[in-house]
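Working notes, beginning with the structure itself.
The values are calculated or read from the model by the stated rules, or taken from the named source; none is laboratory data. Given the structure is predicted, the values throughout are model-derived calculations rather than measurements. FYI the Cβ positions are ideal-geometry reconstructions off the backbone, even for glycines, and counts take in every protein chain you see. Calculation scope for accessible area: heavy atoms of the full protein, side chains included, ligands and nucleic acids excluded. Shrake-Rupley method; radii C 1.70, N 1.55, O 1.52, S 1.80 Å.
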Amino acid sequence: MARRRLASAVLLDVLGLLLALEVASLTVFSHPLPWVARTQAWPMLWSIAFGAAAGLFLAFRPGAASVRRPSYGRALTMSTVMLAVTSVTLVFSRVFWSRRYVLVTTLAWLGIGLVQRFLRRMRPWTEPLVVITDEKLLVEDLLASPHADVVAVLPASGRPPVDLVRPGTTIAVDLRSVLSDGMARFVSSCNLAGYPMRSLVSAYEDHTGKLPIVHIQEGWEITVPLEDRSSYVRVKRVLDTALTVVVSPVALVLGVLIAAAIAIDSRGPVVFRQSRVGRNGRAFTLYKFRTMRSEPDREARFAALDDGRLTRVGRLLRRLRLDELPQLWNVLKGDLSLVGPRPEQGAFAQVFASTIPFYSQRHLVRPGITGWAQVNFGYADSEADTVEKLSYDLYYVKHLSLWLDLEILGRSIWTVLSASGR
């Protein structure tokens with residue numbers, strides 16, 4: 001089912017490219033695509049096709065089949081890669097090409113891709129699941145997921161169902177549970193019959209975006225996948241620095257305006273400094289615009305969006321997430337990444353490390369200005385919320401990738417533009 005869904009998505013984008021080429025042909029040359037292909041423009045068309053193929057490969061990369069919901073980010077990735085690859089190919093090949101044609105094709109393909117994804121997202125999709133487990137909390141999370149249609153929950157040590165499972169239903173098996181003989185035969189029969197088979201952990205991560213902490217045994221389940229992404233971890237630092245330098249002129253101007261507003265609104269320093277725990281547990285000084293009234297010798301405590309200590313300007317900065325702007329300096333220094341688990345105060349981190357299993361695993365990567373837990377959960381004001389956020393942070397550490405970082409950045413930017421910060 002996942003492969004058919006992926007194939008149909010790729011086919012729609014290929015058809016969208018053909019339509020975009022036709023639109024560009026009529027717009028630029030006032031002739032349909034077949035006529036343009038018979039002229040000296042055919043090397044340009046082949047270059048566009050090569051660039052589009054590269055874009056499709058990167059957008060629908062191996063392993064992306066589990067992402068079922070139509071993604072706007074894929075449309076942007078495809079069109080951007082196509083434009084870059086096509087431009088480089090044409091410049092170095094020195095064949096005839098039209099900048100206007102390439103640009104119109106790129107914009108048309110992007111527009112078509114966004115529209116068809118918008119229409120497809122209007123139709124709700126679900127994955128029917130038969131879940132075999134004794135973990136009630138994980139089942140509750142799956143039941144709350146909008147795209148997991150849990151049609152049956154079977155105890156691992158119980159009897160197999162009497163009725164035949166509907167074809168196409170995914171069998172999600174808790175591999176940590178001990179199956180009864182009857183349940184083991186049921187799972188084996190479903191596998192032989194061609195039903196999609198998944199581990200419960202895989203289905204849970206895919207539908208909730210969280211890591212089931214109860215299934216972690218020693219912690220190497222997170223470190224091993226992270227080691228496979230070591231090359232990206234090195235590139236990520238370069239990308240962080242480059243993006244920070246690019247946005248720094250705008251950030252400086254905006255920062256001066258914010259600093260003036262804070263100084264006028266309340267007494268105290270404009271920039272707030274606090275010790276936080278970074279990668280591998282090393283402490284560093286975090287910089288933020290002050291959003292609360294100055295309180296000397298304040299003890300460490302949880303912050304909340306509607307905290308009574310917030311100033312008028314501070315409340316707005318929190319909602320727009322602009323209080324984090326000075327942390328771009330932390331990014332340049334190497335203390336932070338643009339994306340990663342949010343760094344915690346030292347006092348809290350020490351307590352959590354002793355009371356919450358695998359809490360220290362979140363320090364395997366460089367912390368970030370924004371993160372997977374922030375775009376999915378928001379502020380944590382209790383230890384229970386911290387455990388919930390940890391499941392998101394560990395998911396990020398395990399699945400660290402450029403594509404996940406881009407999704408987080410996109411959702412964070414939308415949070416700022418829509419003033420929907422929590």
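List of remarks:
- Close contacts from the range 30-42, counting a first residue that is within 20 Å of Thr86 (Cβ to Cβ) and open to solvent by 60 Å² or more (accessible area, probe 1.4 Å) and a second that is part of a helix (DSSP H, G or I) and hydrophobic (A, V, I, L, M, F, W, C), with Cβ to Cβ under 9 Å and a gap of 6+ residues or different chains, come to Trp42/Val36.
- Here Val91 fulfils each of the conditions (1) in contact (Cβ under 8 Å) with a residue 12 or more places away in the chain; (2) farther than 30 Å from Leu400 by Cβ; (3) part of a helix (DSSP H, G or I) apart from (1).
- Considering the range 366-380, the residues that are assigned to a loop (DSSP other than H, G, I, E, B) and out of contact with any strand residue (DSSP E or B) (no Cβ under 9 Å at 6 or more places or on another chain) include one that is farthest from Ala283 (Cα to Cα), namely Phe377.
- Residues of the range 325-350 satisfying the condition of being part of a helix (DSSP H, G or I) and either among the basic types (Lys, Arg) or touching a strand residue (DSSP E or B) at 6+ places or on another chain (Cβ under 7 Å) (or both): Gln327, Trp329, Asn330, Val331, Lys333, Gly346, Ala349
- Listed here are the helices (runs of 4 or more DSSP H) enclosed by the range 125-223 that have at least 2 residues being under 28 Å from Glu407 (Cβ atoms) and hydroxyl-bearing (Ser, Thr, Tyr): 200-208.
- Scope the range 43-62; condition part of a helix (DSSP H, G or I), open to solvent by 20 Å² or more (accessible area, probe 1.4 Å) and not aliphatic (A, V, I, L, M); matching residues: Pro43, Trp46, Phe50, Phe57
- In the range 146-170, the residues that are on the phi > 0 side of the Ramachandran plot form Cβ pairs under 9 Å with partners that are surrounded by 14 or more Cβ atoms within 10 Å (Cβ to Cβ) and hydroxyl-bearing (Ser, Thr, Tyr), at six or more places apart or across chains, as follows: Gly168/Tyr195.
- For the range 289-315, taking the residues that are surrounded by fewer than 18 Cβ atoms within 10 Å (Cβ to Cβ) and at pLDDT 85 or above, the one that is farthest from Asp265 (Cα to Cα) is identified as Arg315.
- Subset of the range 210-230 that is modelled with pLDDT under 90 and under 23 Å from Ile369 (Cβ atoms) - its residue that is most open to solvent (accessible area, probe 1.4 Å): Arg229
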